[in-house]
Amino acid sequence: MFRLLLLTSALWLTVAANIEDCYLDKKGLKGGDLANFVMDEKSAAECMDACSRHPQCEAFTANLNAKKCFLKTNKHEDPKNNKNTVSGIMSCFRENSEEAPESEFVNVAQLEGVKVEQIGVRQGGVAGRGIDGNTVTKYQAQGCAFPLDNNNNWWQVTLDKVYNIDHIVIYGLSDNWNNDVGILNGAYLMIGDQLCEVIEGMKEERDQGHTFNCKGDESKRVG
């Protein structure tokens, strides 16, 4: 249950002083739902951050009483009055935020011609979720791949050609699991037939990626 970024180059929003004006207090957006999940806190900022990490999310509504975040496409309705909710349109946050500097690396797992597969599918967690750019680690936000076999799980991506891999970033599932142990601990991270690392001591935390240095390994296949 994870997603994988190879040589990641994602851009995150840096909050600017006037970004608070983008929150629509006591307003709810109906329709256009991509996914919803229970938040860790009653926080519209947590919901906005999740939306910024989902490549298809254009708006959000946070129901603070229920601690639920609803991620939405641009097909939502106009805001309606609702005293328990806070909403936002991502175009406003983008216009009023500063982008982090672009990485020197390229996420080769998202280039054309990539093949991704795993052993079986559990609870809709198809293999493609591991590289789709959605780094929200709540499972209900459709943010993680979920292989089927408890005893022999595997997931792999076959790239369009051979690359020299610098590092790998993995986001582990953060909700409803034994985070004291770490659900991916003991897994073998392979670059082709070469062992990059045995994952140990990795505790999944909300929307936090874990970087593994595989500098110098070359292959088309990672898993």
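The values are calculated or read from the model by the stated rules, or taken from the named source; none is laboratory data. Here the structure is a predicted model, which is why all the values come from computation and not from measurement. Side chains are part of the model used for accessible areas, which takes the heavy atoms of the whole protein and leaves out ligands, DNA and RNA. Shrake-Rupley method; radii C 1.70, N 1.55, O 1.52, S 1.80 Å.
Fully extending the segment from Arg122 to Glu41, taken as 0.36 nm per residue of separation minus the present Cα-Cα distance, adds 26.4 nm. Amide hydrogen proximity for Cys196: with H placed 1.01 Å from N in the peptide plane, the residues at 5 or more positions away or on another chain lying under 5 Å are Leu189, Met190, Ile191.
Heavy-atom accessible area for Glu200, with the other protein chains in place and a 1.4 Å probe, reaches approximately 140 Å². Rolled with a 1.4 Å probe across the full set of protein chains, the surface gives Asp40 an accessible area near 70 Å².
Our coupling estimate for the stretch 44-54, obtained by passing each phi through the Karplus curve with A = 6.51, B = -1.76, C = 1.60 and θ = phi - 60°, is 5, 5, 4, 5, 4, 4, 4, 4, 5, 8, 9 Hz, Gly and Pro reported as x. Cross-linked pairs Lys42/Lys83; Lys27/Lys67; Lys42/Lys72; Lys67/Lys138; Lys72/Lys161: Cα-Cα separations exceed 25 Å for Lys72/Lys161.
Using the Karplus relation 6.51 cos²θ - 1.76 cosθ + 1.60 with θ = phi - 60°, the per-residue 3J(HN,Hα) values for the stretch 23-38 come to 6, 9, 6, 6, 10, x, 10, 9, x, x, 5, 8, 6, 9, 7, 7 Hz, with x marking Gly and Pro.
Near the amide H of Asn107, within less than 5 Å, lie the amide hydrogens of Ser9, all on another chain or at least 5 residues away, with H placed in the peptide plane. With every protein chain present, what is the per residue accessible area of the stretch 102-165 (1.4 Å probe, Å²)? Result: 50 Å² of accessible area for each residue. Overall shape: oblate for the stretch 67-148, with the ratio a/c of the largest to smallest alpha carbon gyration tensor axis at 1.5 or above and b/c at least equal to a/b. Here the Karplus relation 6.51 cos²θ - 1.76 cosθ + 1.60, evaluated at θ = phi - 60°, turns the backbone of the stretch 71-86 into coupling constants of 8, 9, 7, 7, 9, 6, 7, 5, x, 10, 5, 7, 5, 9, 10, 10 Hz, with x for every Gly and Pro. Close amide H contacts of Lys68 (hydrogens built in the peptide plane, cut-off under 5 Å, sequence separation of 5 or more or a different chain): Met39, Asn63.
Only protein heavy atoms count here; under a 1.4 Å probe, His210 has an accessible surface of about 40 Å².
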